[in-house]
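Peer 1: This is the structure I have questions about; it appears just below.
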């Protein structure tokens, strides 16, 4: 596992105090999120639906849905601010310096245009290549994505390709402008498990070959575990724990991270007691005086509910948002399948 | 004649499945001990059938679809076998296009098979036609639960109306009696009966999936077909729904078929697993055995590809993928084993002859594998590469 010291690379993306409102500004769904992404680093974001992980990604891409807006905080990408910049400035960034892949590749491709033409169009518009150059480069890119017979794929329409092949085409389009940052929001969630493994390997290869930094969003902790240097655990619009993936999974410091580990697909093939996290997250935008996880937490006391809990820096590049961090003992994934069994309060 | 028999059987069964005390769900089956052939025996009420009699037995099932432009039909399922006993959960895994959903649809009578039999309590329900089929369906013995409850529940109907719709169509009881059964079904799936007045959009994802399970159990079914019931849910809601299915099969002695691409979810609740590849069963058996010591290379590839938090020793997916280019595919391997074109261990015999189902395990026939090299392919992984964890291999290559 990479340790923080092996990443002297410079910071590429800095998000500081990001707040995002939805429903026309009435509801605050991202409540002060700060983190950095270094060049060539892979940062995983994990959390339940509604935890704000996709809103953060969309803020970085400048593609928030109507009614959603960055209400506070800064996003700095290699010296350029990404908050409140005009459309023309985005055109200089998206596709060439920041790119993205999402869950359903078919919905991001034009169904009536052969996939190779869509890739070549990127190369012509974004990089100013000639028609012939763009075509040749597109075929080479398709081959680099592990697609067999790339010249044939070039002429095919989206409906003729499988989900895994489409995701490779979308990845080819995403990396065609040689971006520095790739945002992969549930990029492998809809794929079969065999194809998911292949696409994750392809992403790891792209990262190694191109020095690409990746923000990978997934609700599946196991995907993050296999793929990311660092992990950010989101809960109800906040980061509750952050740190090197291996360390966080081996010894989680926040009760929510521990609960996520217990319910995750642990890769255990034995019949087991399925753990659940009792209760539901607070409604998006709900204002609570204290910890947002307190109502579902087995360790919560009065002090958790009275005042806001800050994200506290720990040693070894870790941080946790819990006032009782030094008082509670949590178990991690290192204990093996058996460790996923009993746990206070949240297991059945 | 068939329909009246079936009705009688259905009534007998529903009369014989009163609320039996739930068996404690905190008794996990040890992975090393053989799973008994009748896992449901302790919780199965003494119905008219003997405990080991299968509830559902699918035999030599074949389904084919017409090609858009005519010509030879596309075979979607070929010679598929599947057995579900009362109180048993059987998982069906396989990738997109393997025929998982078609299998469920054929069992439910939504797709007409062109060969084989679908036996529910020893009666072939695939052959029912017209009035007999309608009466069987209204009896509600087989129910479907779909992946996305937001799409499978009518957004303009209240939850109560959706859950009770089938009863109303079948003309069961009075309006008040139906409302009572709807409330009972909602309670059974852990929902407050008050949600009956709400619309699906006003429920959370987990609650919506509970509502669609309520719509299935309100009909007093014997068999539940769940097509990816948890893939649209977060990890914690996922386990809530899996626990609910586990509880329902114990309490109601339901046979449940769960189609899922999430192997870990299945491993949590299923007793047996059937692995489909291109419409054929390549391996079937007790789930802990099949997942810990897969005997078919495709099953092994599925398991090696599943992401894992622990990174324990296992075969890496790369050790199991074919080393041949894809374009080598169809022509050479047509007519042989369905997996041969992607199989690292395929030989000439795999190209020529479809493998038969070899039985193994205990009792005999409990664990079947369709592979020419069942006992030898694993040795080749040892010879060609050093076993390592997928995680370390990947981290090293990226470091």
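Read the figures in this text as sums done on the coordinates, not as results from a lab. Quantities reported herein were computed from a predicted structural model and do not represent experimental measurements. We place every Cβ from the backbone using ideal geometry, glycine too, and count neighbours over all the protein chains shown.
Peer 1: Take peptide B:285-292, look around each residue's Cβ out to 10 angstrom, count Cβ atoms belonging to other protein chains, and average those counts. Could the numbers behind the result be given before it?
Peer 2: Working: counts 0, 0, 3, 4, 1, 1, 4, 3.
Other-chain Cβ atoms within 10 Å of each residue's Cβ, averaged: 2.
Peer 1: Sticking with this structure for a sec: Restricting the calculation to Cα positions, tell me the Rg (one decimal) and the Dmax (whole number) of the range B:85-127 in Å.
Peer 2: Gyration radius and largest Cα-Cα distance of the range B:85-127: 11.5, 31 Å.
Peer 1: Further question: Could you work out the mean count of beta carbons from other protein chains within 10 Å of each residue's beta carbon in A:287-293?
Peer 2: 0
Peer 1: What distance in nm separates the two pseudo spin-label positions at residue A:10 and residue A:127, each 7 Å out from Cα along the beta-carbon direction?
Peer 2: About 2.3 nm separates the two model spin labels.
Peer 1: Moving to a separate point now. What are the extents of the Cα atoms of the range A:9-228 along their three principal axes, listed from largest to smallest and rounded to whole Å?
Peer 2: So the three principal-axis extents are 49, 38, 36 Å.
Peer 1: Give me the distance in nm between label points sitting 7 Å out from Cα along the Cα-to-Cβ direction at residue A:155 and residue B:123, one decimal.
Peer 2: Each label point lies 7 Å from its Cα, and together they span 5.6 nm.
Peer 1: How would A:304, A:291 line up from fewest to most surrounding beta-carbon atoms within 10 angstrom?
Peer 2: Numbers: A:304 20, A:291 28.
Lowest count first: A:304, A:291.
Peer 1: Tell me, what is the percent relative contact order of chain A, built from C-alpha pairs under 8 Å that lie six or more residues apart?
Peer 2: The normalised contact order for chain A reaches 19 percent.
Peer 1: Rounded to the nearest 500, what is the 222 nm mean residue ellipticity of chain A from helices alone, with -39500 (n - 2.57) per DSSP H run of 4+ residues and division by all residues? Spell out each step's value before the answer.
Peer 2: Numbers: 11 runs with 107 residues, N = 348.
Value at 222 nm, helices only, nearest 500: -9000 deg cm²/dmol.
Peer 1: Provide a whole-number value for the mean count of partner chain Cβ atoms within 10 Å of the Cβ atoms in peptide B:167-176.
Peer 2: Counting Cβ atoms of other protein chains within 10 Å of each residue's Cβ and averaging gives 0.
Peer 1: Here's a follow-up. Please compute the volume of the convex hull spanned by the alpha-carbon atoms of the range B:123-252 and report it per residue in Å³.
Peer 2: Normalising the Cα hull of the range B:123-252 by residue number yields 112 Å³.
Peer 1: Also: Please give the helix A:163-175 orientation as an angle from the longest Cα principal axis of chain A, in degrees from 0 to 90, rounded to the nearest 10.
Peer 2: 80
Peer 1: Cut-off is 10 Å between beta-carbons; in what order do B:274, A:217 appear when sorted fewest neighbours first?
Peer 2: Ordered by Cβ neighbours within 10 Å, fewest first: A:217, B:274.
Peer 1: Any chance you could give the angle, 0 to 90 degrees and rounded to 10, that helix A:131-144 forms with the longest Cα principal axis of chain A?
Peer 2: Here the helix axis deviates by roughly 40 degrees.
Peer 1: Counting other beta carbons within 10 Å of each residue's own, what order do A:228, B:226 fall into, fewest first?
Peer 2: Listing A:228, B:226 from fewest to most nearby Cβ atoms yields A:228, B:226.
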